[in-house]
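Comments concern the structure below.
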Amino acid sequence: MTEVKNVTAAVLIIGNEVLSGRTRDANLNWMARRLTDMGIRLMEARVIPDVEEVIVAAINEARAKYDYVFTTGGIGPTHDDITAACVAKAFGVGIERHPEAVKLLQTYIPADRLNEARLKMADVPIGGELIQNPVSKAPGFRMENVFVMAGVPSIMRVMFDGLAPYLQGGTRVLSQAVASYLPEGTVAEGLGQIQERYPDADIGSYPFYRDGKFGCTLVTRTADEADLAAAAAEIRALITSLGGEPLDQDLVSPDAEDDEEDDFKTGDG
C-alpha cells in the first residue's frame with residue numbers, strides 16, 4: 001500500500017461578475033489540473049461576491065481547514081476590488097502601500113497615468129509577500145497559506161507559475177479512464193461493488209452521448225498504483241460481462257478553453 005501524504009487546497013473565486021453570469025470563470029479548471037499534477041488535492045472551490053463579510057469569513061474558514069488557499073479576483077483599481085482589504089481584516093492586520101509594489105507599477109505605468117486608483121494595486125496587508133506579475137506588473141501577494149492572485153486568466157497563470165516552485169506537494173493521485181457505450185444505469189450496481197472493494201480509491205462515472213448512443217467513462221483515482229491497475233481491470237471485466245466493449249480512453253471531453261480575453265475584464269487588473 002502506497003503511503004499517502006495529503007496536501008490540500010481550496011480556491012476562492014471572488015467577483016460579482018462571475019455570479020451574475022457576466023463573466024465565465026476560466027481559472028478553476030486550469031488551477032485544478034495544475035494542483036493535481038503537483039500532488040495537491042483541491043478539496044473545495046467557491047464563487048463568492050464582492051462582499052466584505054463573505055470574503056473575510058470564507059478566507060478564515062478555508063485557511064484553517066486546508067494547507068493552501070488560492071484566491072482570484074478583486075485586486076484591481078476600482079472601488080469593488082476589495083480582496084486585499086478583506087485579507088488584511090481576516091488576518092487582523094492593517095494594510096499598507098508596499099514600496100516594492102509601487103516601484104513595479106512605476107516601471108509599467110507612465111507617471112501621468114499612475115493615479116490614486118492605480119496605486120491602490122500596491123496596497124498589501126502588513127506582512128504580505130509579493131507575488132510577481134510579469135504581464136502587467138501589479139502584484140498579487142501571500143499571507144501565510146493564502147495566495148491572492150488576479151482574476152484575468154493570463155495574469156493568474158503566470159502568477160501561479162511563479163509561486164508553484166514554493167508549494168509543497170503531496171502524493172500524486174493517479175487516474176485511469178475506461179469508457180464504454182453502456183449507459184450508467186447498466187453499470188451502476190457492479191461499479192458500486194468495485195468501489196466497496198477499493199475504499200481508498202475514488203471511482204466516478206461520467207455519462208456522455210455520442211454518435212446517437214449513450215455511454216459513460218468510468219474513472220478511478222488513487223495514489224496506489226496497484227489498486228489503480230486492479231480496479232481498472234475489474235471495471236473492464238464488468239463492462240465485458242454486461243456485453244459492452246471497454247475502451248481505454250476518456251470519451252467525456254474536457255471543457256474547451258474559452259477565449260479569456262472575451263470573458264474577463266482587461267486592463268489594470
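The values are calculated or read from the model by the stated rules, or taken from the named source; none is laboratory data. From a predicted model like this one, the values you see are computed outputs, not experimental measurements. Here Cβ is always computed from backbone atoms with ideal geometry, including for glycine, and neighbour counts include all displayed protein chains.
Can you confirm whether the stretch 171-178 contains a residue that is more than 13 Å from the chain's Cα centre (by Cα), assigned to a strand (DSSP E or B), buried (at least 21 other Cβ atoms within 10 Å of the Cβ) and of a type in the set (Gly, Ala, Ser)? No.
Can you pull out every residue in the stretch 224-251 that is among the acidic types (Asp, Glu) and more than 29 Å from the chain's Cα centre (by Cα)?
Of the residues in the stretch 224-251, the ones among the acidic types (Asp, Glu) are 224-225, 227, 234, 245, 248, 250.
Scanning the stretch 224-251 gives 234, 245.
State yes or no: is residue 72 crowded, with 16+ Cβ neighbours inside 10 Å and modelled with pLDDT under 95? When the stated conditions are applied, residue 72 does not pass them. Looking only at the stretch 194-215, residues that are in contact with a strand residue (DSSP E or B) (Cβ under 8 Å, 6 or more places away or on another chain) and either touching a residue at least 12 places away in the same chain (Cβ under 8 Å) or among the polar types (S, T, N, Q) (or both) come to 14 in all. If you go through the stretch 128-170 and keep only what is buried (at least 20 other Cβ atoms within 10 Å of the Cβ), touching a residue at least 40 places away in the same chain (Cβ under 8 Å) and of a type in the set (A, V, I, L, M), you end up with 138, 143, 146, 148, 149, 150, 152, 155, 156. Candidates are the residues of the stretch 219-269 that are part of a loop (DSSP other than H, G, I, E, B) and hydroxyl-bearing (Ser, Thr, Tyr); the one that is modelled with the lowest pLDDT is 266.
Going by the conditions given, is residue 124 assigned to a strand (DSSP E or B), closer than 23 Å to residue 56 by Cα and within 26 Å of the chain's Cα centre (by Cα)? Lay out the reasoning, then the answer.
Working: assigned to a strand (DSSP E or B): yes; closer than 23 Å to residue 56 by Cα: yes; within 26 Å of the chain's Cα centre (by Cα): yes.
Judged against the criteria, residue 124 is a match.
The set of residues from the stretch 179-201 being surrounded by 14 or more Cβ atoms within 10 Å (Cβ to Cβ), farther than 14 Å from residue 240 by Cα and more than 25 Å from the chain's Cα centre (by Cα) comprises 184, 194, 195, 198. For residue 118, are the conditions met, namely being surrounded by fewer than 20 Cβ atoms within 10 Å (Cβ to Cβ), without any contact (Cβ under 8 Å) to a residue 40 or more places away in the chain, assigned by TED's automatic domain parsing to the domain that holds residue 98 and basic (Lys, Arg)? The answer is no for residue 118. If you go through the stretch 5-40 and pick out every residue that is outside any helix (DSSP H, G or I) and among the aliphatic types (A, V, I, L, M), you end up with 10.
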